[in-house]
Every structure is written in structure tokens, then in C-alpha cells.
Amino acid sequence: MDITLDSNVLVYAFVPPIHKNEVKRKEWEKLHISARKIYENVIKEEHCLILP
């Protein structure tokens, strides 16, 4: 089981990449996809999310 200790993962998972700046939007999109995968694994109990 993997462990994540970052509460920002929830923000990245739930907020879609809507920046007007293309570079920021692409960066946020990568974070959004990674965070979504972590969140889905938390739901499946394959990943543990600890909020500080």
C-alpha cells in the first residue's frame, strides 16, 4: 500500500485544469491526472492518504 501525506492531492483531484495560461494549464492537467489516480486508489483501498 502506498502512502501520500499531501492534502493538496485533493485539490488537484477535484479542480479541473482551467487556467488561461497554456503552460499552467498543462502543468495543472498533469497534476490533476496524477492526483485523480491517487484518489481513485484511495477509494479502492490500494493507497492511503494521511492529511496532516
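A short reminder: the numbers here are calculations on the coordinates, not readings from a lab. Note that this is a predicted model, so its numbers are computed, not measured. Glycine also receives a Cβ, built like all others from the backbone with ideal geometry; neighbour counts cover every protein chain displayed.
Between exposed GluC sites (Glu not before Pro) in the chain, where DSSP calls loop and at most 11 other Cβ atoms lie within 10 Å, what's the longest gap?
It runs 1-44.
Using Cα positions and a limit of under 24 Å, work out the lysines in reach of Lys44, with same-chain residues fewer than 8 apart set aside.
Those lysines meeting the cut-off are Lys30.
Over the stretch 2-49, calculate the relative contact order: mean separation of alpha carbon pairs under 8 Å at least 6 apart, over the residue count, as a percent.
Computed over the stretch 2-49, the figure is 50 percent.
Quick check: convex hull of the Cα atoms in the stretch 2-49, volume per residue, rounded to a whole Å³?
57
Are there trypsin sites (Lys or Arg not before Pro) in the chain that DSSP marks as loop and that have at most 13 other Cβ atoms within 10 Å, and which are they?
Those satisfying the criteria are Lys20, Lys44.
Determine the sum of side-chain charges near Ile38: Lys and Arg each +1, Asp and Glu each -1, restricted to other residues whose C-beta is under 12 angstrom from that of Ile38.
-1
Could you state the angle between the C-alpha long axis of helix 22-43 and the longest principal axis of the C-alpha atoms of the chain, as a value from 0 to 90 degrees rounded to the nearest 10?
Long axis of 22-43 versus the principal axis of the chain: about 20 degrees.
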